[in-house]
Amino acid sequence: MKSVCIVAVIGLISGPSAYAADSIVVSAERRAQNLNDVPKSISVINRDELISIDADHIAEALARAPGVNLHRGSGAEHLTAIRSPVLTGGAGAGSFLFLENGTPIRSAGFANINGLFDAHFEIADRIEVIRGPSGALYGANAIHGVVNVITPLPAEELSLFAEAFGDTQDRYKWKASLSDTLEKNGFFAAASVVSEAGYREDAGLDQQKATLRHVYSGENFTTDTIFSFDNLEQETAGFIFGEAALNDRVLRRKNEFPQARRDAKAARLQTTISTRAGENGTFRITPYARWNQMAFVQHFLPGNALEENSHWSIGAQSAYYYETGRFSLITGIDAEYTEGSLREFQEEPTVFSFTQGLHYDYDVKALNASGFVQGEYALGERTTATAALRIDGTIYDYENNTASGVDGRFFRPADQQDRFVTASPKVSLRHDLTEETTIFASYARGARPPQTTDLYRLQSNQISNPAQPETIDAFELGARASFYDRVTVDLAGFWMQKDNFFFRDADGFNVPDGKTRHIGVEADLTISLHETLTLDSAISYAVHTYRFNRVTGNAAETITRGDDVDTAPRIMANTRLTWRPIDRLQFNAEWVSMGSYFTDAANDNEYNGHDLFHLRAEADLTENLSIFGSIRNLTNTLYAERADFAFGQDRYFPGEERTYGFGLRYRP
């Protein structure tokens, strides 16, 4: 009975645990698919790989996807790049769609630049990354890419997983999960805890996460309910200043911002109801609710203001799937209502134009509604064409709770209502050259309305130049192939042009009308060198350039058409060698290579990049119990997780020095 239940669930809901991890994708069309059937660039980090990495930060896992680069800040913080420069401000929050089990972690207009710290990646079954605009099934914020963290399905039998870990950075981690299926009901429960003193002074972190999942499989329908909770309490270390400090083993651990902190809480609930709709159709609807609350000190700006923001949402995603013969159709409607607020206050005395006192205090009500349709037609036995369109409508109702007008560099608009409509079309063609080789070509447009902070947390230079919807047009060629059951390769080339690029320059001013171009190639390669030895590599080469001119009083922030966008390394690579001499023993060596990049818009200042080497090993003590260990940054390299140039000086988030870790793991 348990096996029947699980098979029924797979047929009606996204079932990542039931198939080979390298062949199924859930996030592309909100359903299980063979990777070779999807004309998109998608990376999958499966459960075995996630367990082996045992990431302290999700950046360590996502580094294994080509074209993906997360700059770690302090603690759980990060800035993201997917086929893009590392983006900050509204662009950093709004250019990437972060999902958990296919549902956005935050509302589209209220995104968090560090949004992935809410995702429960520590216990995930897999992480899927769509590189580039995602197409019609996901809309706002899917400009440069999508990250979907997927919770394990309930196990068929009683199953326990537990792990404890500690390292020489005074970091301790615990996680556990329990799962079972009883008749028609499957259960999964997991929790993870991390506590660390911090590599730098006054930089401790405590974070707790919990996930509950229940799957009911009836004869004609299934329900899949998931609840997630996250609590973060973090002491934040700010930038260090100057290359001398970066290369000094004492100074790089200092923290000039001991008052900085970040406290965040989040809760999410979703239920997916799936049912057959006629002989060839399936209907699926996912009502959901979310709540977020966060307070943090803006240590990266001179005033060190305290920002407090929160929002709650209710919404639903729906889709109807129809398949018959050569033709398949997906169509649906998504809708969401959100209420959010933001308050920013500076206690410290006025610094330059960063004035002491209240900067912003406002509330926003938002309504989002979207419709989409996608049709796929088999032109022949080996060739398939796809066309899709998504229309997103957004209404923001903004209420200012303080005096309107200019205060220093800050501009507080009066109460207003804003409406936006964006369209995201996609067309693609896929052809199977052989059973082992697939090629595809596609065009897609990504579009997003402005973030609420882009519209209402304004500055004095934006009084007559408000933010507009951002768009990106992307062309892509790709190929997937396998040879002799030993080599698999995934290749992609892309050309993308972005308009109405809204970003914050290094002096803290917003730029609402930028244009950029992104051209690159990516490769994801696996070679079985021997039955005990495997080589994996993810490599990307990309050029990200400004396509407009901007003259400012600060030479470092003057933009010249054709210059590289700052914090955009051209070369990134992640290469791993895995050796399993016997079934009970595994070794892994990893080489992470980060190319050089400019740290200012004028391309006058540069970070030289770095190379890191990590070692990991695991040995089975019994059938279920194993010990594992790691050496991170084997060569003890002094490097920067993030480098930039702002307010006239180089500044860095230093990376951790050589770190030894040890743990015990119990798994079924």
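Calculate the tail of P(r) for region 411-461: the fraction of all Cα-Cα distances greater than 13 Å, expressed in %.
Working: 940 of 1275 pairs.
Tail fraction, whole percent: 74.
Taking the protein heavy atoms of region 295-418 in the context of the full set of protein chains, the accessible area attributed to carbon and sulfur is 56 percent at 1.4 Å.
With every protein chain in place and a 1.4 angstrom probe, the accessible-area ranking of 47, 343, largest first, reads 343, 47. Rg then Dmax, both in Å and based on the Cα atoms of region 582-661: 18.1, 58. Considering the values (1) 0.94; (2) 1.17; (3) 0.97, which represents Rg/Rh (Cα atoms, Kirkwood Rh) as calculated for the structure under consideration? Structure-derived value, by its label: (1).
Each of 346, 374, 357 was placed along the dipole of region 335-374 (beta-carbon charges, centred on the mean Cα), and the one lying farthest toward the positive end is 374.
Ranked from highest to lowest mean number of other Cβ atoms within 10 Å per residue, what is the order of the peptides 597-608, 578-589?
Going by the mean number of other Cβ atoms within 10 Å, highest first, we get 597-608, 578-589.
Rounded to the nearest 0.05, the FRET efficiency derived from the C-beta distance between residue 531 and residue 441 at R0 = 35 Å is 0.45. Summed over qualifying helices (DSSP H, 4 residues or more, each -39500 (n - 2.57)) and divided by its residue number, the chain shows a 222 nm mean residue ellipticity of -1500 deg cm²/dmol.
Kirkwood Rh over Cα pairs of region 321-422 into Stokes-Einstein at 25 °C, 0.890 mPa s: D in µm²/s?
139
Summary value for region 357-454: 26 percent relative contact order, contacts being C-alpha pairs under 8 angstrom separated by 6+ residues.
Between residue 517 and residue 495, the distance separating the two model label sites (each 7 Å from Cα on the Cα→Cβ line) works out to 0.9 nm.
Give me the percent of accessible area attributable to carbon and sulfur for region 151-292, probe 1.4 angstrom.
58
Accessible surface comparison of 394, 560, probe 1.4 Å, protein chains only, largest first: the order is 560, 394.
Of all GluC sites (Glu not before Pro) in region 492-597, which ones are in loop regions per DSSP and have a Cβ with at most 11 other Cβ atoms within 10 Å?
Numbers: sites: 522, 531, 557, 590; in loops: 531.
Of the GluC sites (Glu not before Pro), the ones in loops of region 492-597 whose Cβ has at most 11 other Cβ atoms within 10 Å are 531.
Restricted to Cα atoms, region 218-340 shows a radius of gyration and a Dmax of 23.6, 69 angstrom.
Please find the FRET efficiency linking residue 485 to residue 37, where r is the Cβ-Cβ separation and R0 is fixed at 22 Å, and quote it to the nearest 0.05.
Values: r = 20 Å, r/R0 = 0.93.
Once the sixth-power term is evaluated, E becomes 0.60.
Solvent-accessible area of region 430-533 (1.4 angstrom probe, protein heavy atoms only): carbon and sulfur portion equals 58 percent. The ellipsoid equivalent to the alpha-carbon distribution of region 400-532 has semi-axes of 46, 17, 12 angstrom, derived from the gyration tensor eigenvalues as √(5λ) and listed largest first.
Loop-resident GluC sites (Glu not before Pro) (DSSP state other than H, G, I, E or B) in region 363-471 with no more than 16 further Cβ atoms inside 10 Å of their Cβ: 381, 435, 436. Of 647, 420, 662, the order by accessible heavy-atom surface (1.4 Å probe, DNA, RNA and ligands excluded), from most exposed downward, is 662, 647, 420.
Per residue, how much accessible area does the chain have with a 1.4 Å probe, in Å²? All intermediate terms of the calculation are to be shown ahead of the outcome.
Working: 25480 Å² over 668 residues.
Using a 1.4 Å probe on heavy atoms only, each residue of the chain averages 38 Å².
Using θ = phi - 60° in the Karplus curve 6.51 cos²θ - 1.76 cosθ + 1.60, the 3J(HN,Hα) couplings for region 517-530 round to 10, 9, 10, x, 10, 9, 9, 10, 10, 10, 10, 8, 6, 7 Hz; x is entered for Gly and Pro.
Straight-line reach from residue 515: taking Cα to Cα under 18 Å and skipping same-chain neighbours fewer than 8 places apart, the aspartates and glutamates in range are 454, 470, 473, 499, 505, 557, 563, 564, 566, 600.
The values are calculated or read from the model by the stated rules, or taken from the named source; none is laboratory data. Please read all numbers here as calculations on a predicted model, not as lab measurements. Because the Cβ atoms are built from the backbone with ideal geometry, glycine has one as well, and the counts that use them run over all protein chains shown. Just the protein is used for accessible areas: all its heavy atoms, side chains included, with ligands, DNA and RNA removed. Shrake-Rupley method; radii C 1.70, N 1.55, O 1.52, S 1.80 Å.
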